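Written out below as structure tokens is the structure these notes cover.
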Amino acid sequence: MASKLVIVESPAKAKTIQRYLGTGYRVTASMGHVRDLPKKGIGVDISHDFAPEYEVSEGKSKVIAELKREAKAAEAVYLATDPDREGEAIAWHIVEALNLGKRKPIYRVTFNQITKDAVRAAIANPREIDANLVDAQQARRVLDRLVGYKLSPLLWDKVRRGLSAGRVQSVAVRLVVEREQEIEVFVPQEYWTIEADLYPAAVKKPRKADLFRAVLQARNGKKLDKFAIPSKDAADAILADLEQALYIVGKITRKDKRRSPSPPFTTSTLQQEASRKLGFTAKRTMQVAQRLYEGIDIGGSEGSVGLITYMRTDSLNVAREAQDEARRVITAQYGPDYVPAKPNVYKTRAKGAQEAHEAIRPTAAARLPDTIKAKLNRDELRLYDLIWKRFMASQMAPAVFDSTTVDIGAGKGITSADNAPYTFRATGSVLKFNGFLAVYNVTLDEGEEDEDKEALLPPLTQGQDLSLQDLLGVQHFTTPPPRYTEASLVKELEKLGISRPSTYAPTISTILAREYVESVEKKLIPTTLGRIVTELLVAHFGDIVDYSFTSDLEQRLDDIAEGERKWVPVMQEFYGPFEQRLLTASKEMRDVKREEIKTDLLCPESGDPLVIKWGRNGEFLACSRYPDCGWTGDLERDGEGRLHIAVGPQVEGPQDCPECGKPMALKKGRFGPFLACTGYPECKGVRKVRAEGNRLIVIPPPQPTNEKCPKCSRPMVRKEGKYGPFLSCTGYPECRSIVRIVPEDAPTCPDCGIGKVAPKRGRGGKMFYSCSRYPECKYASSTPPVQQPHEELA
């Protein structure tokens, strides 16, 4: 029997570690947190030093009972939860929930990667639970609970029920709102450039390779700034002055330009790059990375193994052993020229980057993506490939470009470029040695330009005459800052020191789920609700949603983790001013429940302006002439944030009210779409619908049948459900008996030979096939049965 108990968070992680430790150890999972603050009530005793009132998490009583039983039988307990504050807190909660006390040795072990060597080394070098890390996580949890439970009721009272506010989520929404406001007030500024298409004068019939473009840089020796040519008139004056001008090559500057690789991934940069290259959301990235970290069975002698290091990190450190292995693989794959003289080392710049051990990297550089692609699903392979390439590139030599800059003098009657009234400039860049680019190149953000993009120039010499093919005045306009994407919002949160690796993805998921922000064409656009809540919070809780204040609070949490501060004084410093603002806001914050936001859209029925209102299912459009006109509809935003009346799915089936005969309108309720009478509230007639692809099918009302209920003998009626027709007892809800209606041409059950096999959905929504005679016949299959052909009589 195993004498040592190792507790981790997940079954996948437990399975991988069990293989490494073998007999003598029993590895089991706590299934995440076992204790937390209560779901109902604030759960914090503010008057007694903010003491948290923890309770066993829902559904974890059986887990704790099993862990207690196994811990009692073990001679020692090892807590191998994740190597960050959250993992440290989970370990502490396990000790408290199991009431282990000091009856037997309790060890805390951490590892940055789930490999045989790393796990065994951790077990051989245990430590005690770090109380500072636990306090830092506890302080964050209590802070977030106080802000959420104190601010949310205020928003319920002043805006609408069901809203929530959060210490970090509200700041993230503010960033999106203020970016949208920047875009709305942005006034494009016109400017022009003068550009010349040139080629060597000695070439009589220029080919494409002879042509190059130069841009006007200076006039009479003075460099032109971006807005030096503000209008078409100014551009035309320069073009006129350059008529009959000569063009002569002036100074030529050639140099090697080195481009260094990007560092290996942190949580933030992984989420950004996975969004740009793979189209992943932050949440999806972390879900896939979690599986790669906890272990995947790749077969062979390795079996289940962790493929990447811990994925919640803001450190750029890399273990020397990993660097050495990477250098060996690079030499073998690309040659010695691709290995730098010394290993590349990167300095962590993120604020508060203190917790994590290493950057995100493959646990084995020699495990090339192609060698394990058959063992990974599509998402896992794509993300592993991205992580592997980024890490390998980070350990490679720089790329080298042959960069050339040519100044060209222009003017009438000039004899050299030195005394020319106009100076144009052309640049060229040729890749001389690809270095790390042989493996990986970073995807640029919207609006960024690749300075090293290859551009060829023909052979040129100083004093050489050039011929003009075309002279152009090119109009430009300044553009507003781009809307945030999930990737760029994560980048901004990290830049401002707001949030930490473990909270980037949950923060974005929350603001989308709460409908403060919408994702339209992968751009984050604030909803009207998000704007209003942000306006109210900025007006009354300016420091809570202030970027510097939030960043400073994150730094204080980091100080607690480092043992430089105590968590209770930090809470006291925060809560005193916060409580006073709550009292003031409850009296002074305006009530916007009945406010309507005017739009430029017109009502399809009355032609009057539409307004935005809020219901239990979010914002919607309504006619401003209500109650004279009762039209309502959903709204949607395009990629530029403009409002439109949402075009609903096509509805098939009767759309007249079964009660009064009036037309019906498509509505959205708690349980999905339905048809409601336009005569509401005088008539409350409704029709149910079910979705089939992009269509909505009207479900007919129950039809009487001659069938009797097999349980209570009441009459049964035919109904249309989400998964097809069925018979339902008229005694519902006292009797919940239903009978599936199986098509006549359904295949015969291969087990009993009597019943018919029909599709059915399980509790998880997965389709399977079972016999209509269940429970008498328990035939079930994930695939439909194949009808065997009858033998023909001889």
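Site pair residue 217 and residue 260 shows an inter-label distance of 2.6 nm when each label is modelled 7 Å from Cα along Cα→Cβ. Per residue, the convex hull around the alpha carbon atoms of the range 1-72 comes to 107 Å³.
Ellipsoid fit via the Cα gyration tensor, the range 68-109: semi-axes of 18, 10, 8 Å, each the root of five times an eigenvalue, largest first. Sorting the segments 606-614, 371-379 by their residues' average number of neighbouring beta-carbon atoms within 10 angstrom, most packed first, yields 606-614, 371-379. Working from label points 7 Å from Cα in the Cα-to-Cβ sense, the residue 778 to residue 580 distance is 7.0 nm.
Cα extents for the range 314-394 along the principal axes, largest to smallest and rounded to whole angstrom: 39, 32, 16. The range 367-446 and the range 211-274 have their alpha-carbon centroids 17 Å apart.
When the range 657-762 is described by a simple charge dipole with +1 on each Lys and Arg Cβ and -1 on each Asp and Glu Cβ, the residue from 743, 697, 709 located farthest towards its positive end is 697. Stretching residue 48 away from residue 691 to a fully extended chain increases their span by 226.1 nm, per 0.36 nm per residue minus the current alpha-carbon distance. Extension gain for residue 243-residue 56 works out to 59.0 nm (0.36 nm per residue, less the C-alpha to C-alpha distance). Between 0 and 90 degrees, the angle of helix 528-540 with respect to the longest Cα principal axis of the chain falls at about 80 degrees. Of the residues 266, 206, 295, the one whose Cα sits farthest toward the positive end of the charge dipole of the range 205-334, with +1 on the Cβ of Lys and Arg and -1 on the Cβ of Asp and Glu, is 206. Computed from the Cβ-Cβ distance with R0 of 51 Å, the FRET efficiency linking residue 252 to residue 552 stands at 0.50. Convex hull of alpha carbon positions in the range 455-550: directionally averaged projected area 12.3 nm². A simple packing score, the average count of other Cβ atoms within 10 Å per residue, orders the peptides 489-497, 633-641 as 489-497, 633-641, with the highest score first. For the range 625-710, what class follows from the C-alpha gyration tensor (a ≥ b ≥ c being the square roots of its eigenvalues): rounded when a/c is under 1.5, otherwise prolate if a/b is larger than b/c, else oblate? Since a/c reaches 1.5 but b/c is at least a/b, the shape of the range 625-710 is classed as oblate.
Residue-wise HN-Hα couplings along the range 484-492, as the Karplus relation 6.51 cos²θ - 1.76 cosθ + 1.60 with θ = phi - 60° gives them from phi, are 5, 9, 4, 5, 6, 5, 4, 4, 6 Hz; Gly and Pro carry x.
Seen through its C-alpha gyration tensor, with square-root eigenvalues sorted a ≥ b ≥ c, the range 126-216 comes out oblate because a/c lies at 1.5 or above while a/b is not bigger than b/c.
Pull out a ≥ b ≥ c, the square roots of the eigenvalues of the alpha-carbon gyration tensor of the range 484-642, then state rounded if a/c is under 1.5, prolate if not and a/b is larger than b/c, and oblate in the remaining case. Oblate, since a/c reaches 1.5 and b/c is not below a/b.
Note that the chain presents 52 Å² accessible area per residue, ligands and nucleic acids not counted, probe 1.4 Å.
Here the accessible area is traced with a 1.4 Å probe on the protein chains. For the chain, carbon and sulfur cover 49 percent of it.
Semi-axes of the equivalent ellipsoid of the range 158-278 are 48, 26, 14 Å, computed as sqrt(5λ) over the eigenvalues of the C-alpha gyration tensor in descending order. Each residue of the range 384-389 was assigned a 3J(HN,Hα) from its phi angle through the Karplus expression (A = 6.51, B = -1.76, C = 1.60, θ = phi - 60°), giving 4, 4, 5, 5, 4, 5 Hz with x at Gly and Pro.
The values are calculated or read from the model by the stated rules, or taken from the named source; none is laboratory data. Owing to the predicted nature of the structure, the values given are computational and were not obtained by experimental measurement. Neighbour counts are summed over all protein chains in view; Cβ atoms, including those assigned to glycine, are modelled from backbone coordinates with ideal geometry. All accessible areas refer to the heavy atoms of the entire protein, side chains included, with ligands and DNA or RNA removed. Shrake-Rupley method; radii C 1.70, N 1.55, O 1.52, S 1.80 Å.
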